[in-house]
1. Return yes or no: is Ala271 open to solvent by less than 50 Å² (accessible area, probe 1.4 Å), within 24 Å of the chain's Cα centre (by Cα) and either closer than 15 Å to Leu245 by Cα or at pLDDT 95 or above (or both)?
2. Any idea which of Arg118, Arg177 is more than 15 Å from the chain's Cα centre (by Cα), farther than 25 Å from Ala288 by Cα and charged (D, E, K, R)?
3. Can you go through Val265, Val329, Val283 and tell me which one is of a type in the set (A, V, I, L, M), over 13 Å from Pro248 (Cβ atoms) and touching a helix residue (DSSP H, G or I) at 6+ places or on another chain (Cβ under 8 Å)?
4. Among the residues of segment 110-129, is any of a type in the set (Ser, Thr, Tyr), in contact with an Asp or Glu (Cβ under 8 Å, 6 or more places away or on another chain) and part of a strand (DSSP E or B)?
5. Which condition breaks for Asp42 when tested against (1) open to solvent by 100 Å² or more (accessible area, probe 1.4 Å); (2) on the phi < 0 side of the Ramachandran plot?
6. Filter segment 50-76 for residues that are part of a helix (DSSP H, G or I), closer than 19 Å to Val31 by Cα and hydrophobic (A, V, I, L, M, F, W, C) and give the result.
7. Would segment 229-243 turn up any residue that is on the phi > 0 side of the Ramachandran plot and either open to solvent by less than 40 Å² (accessible area, probe 1.4 Å) or small (Gly, Ala, Ser) (or both)?
8. Evaluate segment 117-128: report whether one residue or more is modelled with pLDDT of 95 or more, aliphatic (A, V, I, L, M) and open to solvent by 10 Å² or more (accessible area, probe 1.4 Å).
Amino acid sequence: MPVVESGPRPVLTFTAQRRGKPPRHFADLSVEERKELASELDIPGFRMDQIARQYFVHRNADTSQMSDLPASDRERLGETLFPPLLEKVRDLEADGGSTIKTLWKLYDGAMVESVLMRYPDRATLCVSSQAGCGMACPFCATGQQGFTRNLSTAEIIEQIRHAHLACERGDLGEPVRLTNIVFMGMGEPLVNFKAVFASLHRMCDPAPAGFGMSARGVTVSTVGLVPGIDKLGDLGLPVTLAVSLHAPDDGLRDELIPINSRFKVAELLDAARRYFVKTGRRVSIEYALIKDMNDHEWRAKALADELNRRGHGWAHVNPIPLNPTPGSVWTSSTRRSQDVFVKTLRDNGIQTTIRDTRGSDIDGACGQLAAELVAQKGRG
C-alpha cells in the first residue's frame, strides 16, 4: 500500500488534542435554553425572539445594530450572547470567482476551512465540523493533520451565517441564495454528533428558531460510523446521508478507511439502507477514484452487486476524481479508467453521477490550506 510520503500514516483516534470549550454563543442555545437564559439575564422572553430574528433572518450578530433592543441592554447582551468565535485568516478564489475557500481561526487558534460555491441558481457551502480529523484516511489532507477538537454548534452555524452574508453581498460575483449545506469539510460529522445534530436544527428550523433552510438541501457525510447513521435516521430531519465508501471490499477498505476495522462494508451499507427506509431519502455513495488502487472495473461491478443486493433505487453513486494532496503518492484515476468505472455501474442499474470538483487551483481538498499555514509557521 502507498504511504504518505511526508511522514508516517496517521492513526485512527476519537481523542481530541484540545479539551477546552469555546465560549457559549447565542447559536448554541435551543429555544428552551434561550428562555431560561432570558430569565437569568432579567430580560423579557420576547427579547430572545427579537435577537433570534436579527441573527437568523437578518444574519446580524452585532447587538449595537439591533435597533429593536433597548439601548441600555445592547452592550451587555452583545458581550453575553455573541462572543467572537471565527476570525477570517484568508480567502482564496477559484473558478472565475464562483468558488471562495475561507480559512478561519477559532478562539483557541485552531484552524478550519469552509468552501462556498456558486452554481447557476444557488450556492452551496461545504462546512467543517471538527478542527482536523481522527479518522486517519491516508489520502485525505485533513486526516494527515490528526484530530484537534470538535467544533461547537455555534462555530458550525457561524460558518453558515457568514456564508449567507457573502451570498447576499454578491461576493461570488452576483447575489445568490445559499440553499445547500454539505458536511464535507474538515472532520467526521458523526463523531461530533451532538453539535452537528443541534446545528441541523438551527439550519432547518423556521425562524426564529433557525435559518429555515430546507432539510433536503443539507447533506451529512460520514466515513462509516454505523451508530451515528442510526442516530441521524432517528433525528426527524430528512437530510441526505452521504457515505464515503471508496472501496466495496473489506480487504482494500481496511487500508483506505481505518474505521472499516470496526464497521465492515456490509454493516455500513446495511445501516445506509436503514437510513433510506426511515427517511425516504436516497443515500449518496461517495467514491474517490484513486489510480490503480480502487478504480478497477471489477470493483465497480462489486460495488453494484453490493448495492443491488439491498434493493434498487435507494442509493446514488458519486465517483469523485481524487484531489491529490501535497506529500502524498495518491493520484487521480485516468479518464479512461473513470469512464469504464462509471459505465460499469450504470450498466448494472446504478444511478451514477461524476461529482463536480471545485477549487482545485486553490488546494481544494479541505485541510490543505490549514496545513499550508501550519507549515509556514513551522518554517518561520
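The values are calculated or read from the model by the stated rules, or taken from the named source; none is laboratory data. These numbers were taken from a predicted model, which means no experiment stands behind them. Cβ sites come from the backbone with ideal geometry, for glycine too, and all protein chains shown count toward neighbours. Only protein heavy atoms, including side chains, enter the accessible area calculation; ligands, DNA and RNA are left aside. Shrake-Rupley method; radii C 1.70, N 1.55, O 1.52, S 1.80 Å.
1. Numbers: open to solvent by less than 50 Å² (accessible area, probe 1.4 Å): yes; within 24 Å of the chain's Cα centre (by Cα): yes; either closer than 15 Å to Leu245 by Cα or at pLDDT 95 or above (or both): yes.
Criteria met by Ala271.
2. On the way: Arg118 fails: farther than 25 Å from Ala288 by Cα.
After applying the criteria, what remains is Arg177.
3. On the way: Val265 fails: over 13 Å from Pro248 (Cβ atoms); Val329 fails: touching a helix residue (DSSP H, G or I) at 6+ places or on another chain (Cβ under 8 Å).
Step by step, each of Val265, Val329, Val283 is checked, and only Val283 is of a type in the set (A, V, I, L, M), over 13 Å from Pro248 (Cβ atoms) and touching a helix residue (DSSP H, G or I) at 6+ places or on another chain (Cβ under 8 Å).
4. In the first step, residues of segment 110-129 are kept if they are of a type in the set (Ser, Thr, Tyr); the result is 114, 119, 124, 128-129.
Add one more test, that the residue is in contact with an Asp or Glu (Cβ under 8 Å, 6 or more places away or on another chain), and what stays is 128-129.
Checking the rest, the ones that are also part of a strand (DSSP E or B) come to none.
No, every residue in segment 110-129 fails to be of a type in the set (Ser, Thr, Tyr), in contact with an Asp or Glu (Cβ under 8 Å, 6 or more places away or on another chain) and part of a strand (DSSP E or B).
5. Here Asp42 meets the rest and fails (2).
6. Answer for segment 50-76, where residues must be part of a helix (DSSP H, G or I), closer than 19 Å to Val31 by Cα and hydrophobic (A, V, I, L, M, F, W, C): Ile51, Ala52, Phe56.
7. Start the filter on segment 229-243 by keeping residues that are on the phi > 0 side of the Ramachandran plot, which leaves 236.
Retained after the next criterion (residues that are either open to solvent by less than 40 Å² (accessible area, probe 1.4 Å) or small (Gly, Ala, Ser) (or both)): 236.
Within segment 229-243 (the criterion being on the phi > 0 side of the Ramachandran plot and either open to solvent by less than 40 Å² (accessible area, probe 1.4 Å) or small (Gly, Ala, Ser) (or both)), the answer is yes, since at least one residue qualifies.
8. Yes - at least one qualifying residue is present in segment 117-128.
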